[in-house]
Amino acid sequence: MTTDSEPAGVASATTGVLPPAGTSTSPSVTAQTKTAGAGDVPTSGTTPTSMSTAQGAGPSDKAAMVGLLRRYAAAYSARDPEALRRHFTRNVFRHGFQRGGCGNAYGRRSVVEAYAAQFALGTGRYTLTGVSQRAIQTARSHPTVNTRYAIAGGNDGRLAVQFSKSNGRWLISRLNSHC
């Protein structure tokens, strides 16, 4: 059974690379797997607006969000839908690549299924650039980060990520990637 909790040690088990906050203006979050094929194209659109308020988005929360993105990149590169599942809220929204083109997925199950279908087409090392505590914006109802992604052997583009706190943990509540 999958829950919103994450097993101990997951953060240390990732292959992500991220310098300490404030040490670089353009750090990268990187993870490695097999080389991608030409059809591996994550995509984008608009992210629905949320009416919730961001709570406790201080330095330790921002560090948790950066760590979350590191684990997300590692899970993507490992083509591991179950690992991705642990990083999403139950009502996560994703606008991105799906079979047949660009589309939307609502809810953790649908989002994970969209990633699994994408992984079946082949994907490579997934990298996020411009991720740092400083890059996380907290002025909106939910903390967000606007970054860029690159998939080895595939494509690159813009990615907006929105975070929500659930049971004391930051999770990804919205993903909006460039189509």
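The values are calculated or read from the model by the stated rules, or taken from the named source; none is laboratory data. The structure displayed is predicted, hence computed values, not measured ones. Reconstructed Cβ throughout: ideal geometry from the backbone, glycine too, with neighbour counts over all protein chains shown.
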* Asked: Looking at region 130-144, is at least one residue farther than 25 Å from residue 61 by Cα and of a type outside the set (Phe, Trp, Tyr)?
  -> no
* Applying the selection to region 129-179, what residues are within 19 Å of residue 64 (Cβ to Cβ) and of a type in the set (Gly, Ala, Ser)? -> 130, 132, 135, 139, 141, 160, 164, 166, 168, 173
* To do: Look at region 52-69 and say how many of its residues are modelled with pLDDT under 75 and crowded, with 18+ Cβ neighbours inside 10 Å.
  => 1
* To do: Please give the strands (runs of 3 or more DSSP E) falling wholly within region 84-179 in which 1 or more residues are buried (at least 19 other Cβ atoms within 10 Å of the Cβ) and either modelled with pLDDT under 90 or under 11 Å from the mean Cα position of the chain (by Cα) (or both).
  => 88-98, 126-129, 144-151, 156-166, 169-177
